[in-house]
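Here is the structure we will look at, set down as structure tokens.
The values are calculated or read from the model by the stated rules, or taken from the named source; none is laboratory data. This is a predicted model, so every value here is computed, not measured. Cβ placement follows ideal geometry from the backbone for every residue including glycine, while neighbour counts extend to all protein chains displayed.
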Amino acid sequence: MRLLLLRTFLLVCLAPGLAALISSPAVAGGGSFDETDDHDDDSGPPFIGDVKDKSGNPIADAKVSVSVAAYNSTVFMRADDQGHFNIKGFDKEIQPDQIEIACSMEGYKPYAISRQPTGPGPRAAIEVICLLEKTR
């Protein structure tokens, strides 16, 4: 049942609508950074993040991959023009540490990635910072 719910979420919510969602200037990947976003009681914490170079400059249109190993599933999205991305919460049965996020961009290589909750509680958003280093 959970696998069906995850696949439905991935296919219905993320995959077909990514182009429309990313074209919005203030959001990427289906949400905003506004605390008033609707958050389903059956979902886990959302992941909010930035893709930056080592100097802290945003990297626009970077590729963000979101993997859930337990379900052998990966979804790709793009950061917005300010390097932001936002991933709505998965089913609350999927623990945040089961979700792997990676970022990439042509001409860059991974440098560091950090993630931390933005507050207390199991549904607090998790902030992810992807740092990339320019390749020579």
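Would you be able to say whether some residue in segment 5-12 is more than 15 Å from residue 128 (Cα to Cα), surrounded by 18 or more Cβ atoms within 10 Å (Cβ to Cβ) and modelled with pLDDT under 85? The answer is yes, given that some residue of segment 5-12 is more than 15 Å from residue 128 (Cα to Cα), surrounded by 18 or more Cβ atoms within 10 Å (Cβ to Cβ) and modelled with pLDDT under 85.
Within segment 74-133, the set of residues being part of a strand (DSSP E or B) and charged (D, E, K, R) comprises 78, 91, 100, 109, 115, 127, 133.
If the condition is being closer than 23 Å to residue 133 by Cα and either among the hydrophobic types (A, V, I, L, M, F, W, C) or not in a strand (DSSP E or B) (or both), then segment 54-73 contributes 54, 55, 56, 57, 59, 60, 61, 62, 64, 66. Filtering segment 90-100 to residues that are among the hydrophobic types (A, V, I, L, M, F, W, C) and touching a Gly at 6+ places or on another chain (Cβ under 7 Å) leaves 90, 94.
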